[in-house]
Amino acid sequence: MRIIAGAYKGRRLKAPTWDGLRPTSDKLRETLFNVLAARVPEARVLDGCAGTGAVGLEALSRGAAHVTFIERDRRAAALIRENLAAAGVDEASYTIDCSDIRTALRRMPAEHRFDLLFLDPPYAIDGLDEILAASAERLAPDGLLVLERATRREPEVPSALVRVRDIRSGDSTLTLMKGC
């Protein structure tokens, strides 16, 4: 895994040494950021179920103002810290919240809004509709939510969101949604 473009281009990212994390492939991240290129500079970004932090790091590399990483696994949160430090990212440009995505979204102040909100939960997670609904409340006006999911598993899109595009790559699909 590596950072594909921007200020930290080419930096290698550490991968997990344990089972259970499914990092977003370089190819899928490259496709995603090609689609989002105009939205990333100066954006406030949330990388939910962040795993290695590769998506959030890519956003920072491409000029995002701040990334909030949410990851419940302490080992993965430590890995995100290592990857940020190895890339030389300024500590003021990110926050790491080591908690469950539902809990983190619920306890955020109401005024906390994100221009880009990435969710990459385990493909078989229960309560995805609840996570999407809570995420919709955190979108800035004209914000975009990106859900990485198993292609075979269609999400229930809550009424607060509208699906705008799907990007398929093998077994994974990125579903892009906007607030209504």
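Quick notes on this structure:
- Sites listed here are GluC sites (Glu not before Pro) in the range 34-97 whose DSSP assignment is loop and whose Cβ has at most 14 other Cβ atoms within 10 Å: 42.
- Here 176, 145 are placed in order of increasing Cβ neighbour count within 10 Å, fewest first, which gives 176, 145.
- For the chain, modelled as a GNM whose springs connect Cα atoms under 10 angstrom apart, the maximal fluctuation among 166, 47, 126 occurs at 126.
- Antiparallel bridges, percent of DSSP beta bridges restricted to the chain (to nearest 5): 45 percent
- Computed E for residue 126/residue 2 - FRET, C-beta separation, R0 41 angstrom, nearest 0.05: 0.80
- Among the GluC sites (Glu not before Pro) found in the range 102-180, those both in a DSSP coil and sparsely packed, with 11 or fewer other Cβ atoms within 10 Å of their Cβ, are 111, 156.
- Cross-link reach list, aspartates and glutamates versus residue 27, counting only Cα pairs under 15 Å and skipping chain neighbours closer than eight places: 58, 148, 171
- Sorted largest first, extent of the range 60-137 alpha carbons per principal axis (Å): 36, 28, 21
- Annotation: the residues 180, 49, 98, sorted from fewest to most other C-beta atoms within 10 Å of their own C-beta, follow the order 180, 98, 49.
- Exposure proxy shown here: for 55, 164, 40, 35, the number of other Cβ atoms within 10 Å sets the order, fewest to most, as 164, 35, 40, 55.
- Residue among 19, 100, 129 with the largest mean-square fluctuation in a Gaussian network model of the chain, springs linking Cα atoms under 10 Å: 19
- For the chain, the fraction of C-alpha pairs farther apart than 30 angstrom is 8 percent.
Every number in this text was worked out from the coordinates using simple rules, so none of it is lab data. Only a predicted model underlies this, so the values are computations on that prediction, with no experimental measurement involved. Cβ atoms come from the backbone with ideal geometry, glycine included; neighbour counts cover every protein chain shown.
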